[in-house]
Every structure is written in structure tokens, then in C-alpha cells.
């Protein structure tokens, strides 16, 4: 595995932060535009939106999780050594 320089790590973290910030900005704009004025409707809207986002995230992660699980299943089991102590 190739080691990364501090500059490369910093650049990757910066990109991740920008992506997260961009997403949060889009969510805020969406909520500002479409959120109902009525308090009860607003709560229902926010709950539905968060449920939708959670479902989308789980759907996006499924191929990755399946791939990782398949790769881990191919690995040989790690030996477990039990040390027997004398009485």
C-alpha cells in the first residue's frame, strides 16, 4: 500500500469537507424552499425527508457492503490461541 504525504491527506480531507458542506447547503436550500409553514406539517415533512435520505444512503451502501462481505468471506479464519493456565 502506497503511503500518502501530509499534503495528500490534507487535500483529501479538504475535498471530503467541501463535498459534505455542499450537500448540507443543498439540503438547507431544499428545506427552505419546500418546508411547509404549518408546524405539524413541517415536522412530518422533516421526518419524511430524513427517512428518505436514510433509505437512499442504505441503498447506496448496499453494493459496497455486499462486496466487502464477499471479500471477507474469502479470507481464511484467523487462528485463536487459548492459553491454558496451570492450577
Quickly run through segment 34-49 and pick out the residues that are surrounded by 11 or more Cβ atoms within 10 Å (Cβ to Cβ) and part of a helix (DSSP H, G or I). 41, 42, 43, 44, 45, 46, 49
Check segment 37-46 and report whether any residue there is closer than 24 Å to residue 23 by Cβ, within 15 Å of the chain's Cα centre (by Cα) and at pLDDT below 95. no
Among the residues of segment 1-33, which ones are in a loop (DSSP other than H, G, I, E, B) and exposed (fewer than 10 other Cβ atoms within 10 Å of the Cβ)? 1, 2, 3, 5
Identify the residue in segment 67-87 that is over 15 Å from the mean Cα position of the chain (by Cα) and in a helix (DSSP H, G or I) and, among all such residues, is nearest to residue 20 (Cα to Cα). 67
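The values are calculated or read from the model by the stated rules, or taken from the named source; none is laboratory data. Everything numeric here is computed off the predicted structure, so don't read it as measured data. Reconstructed Cβ throughout: ideal geometry from the backbone, glycine too, with neighbour counts over all protein chains shown.
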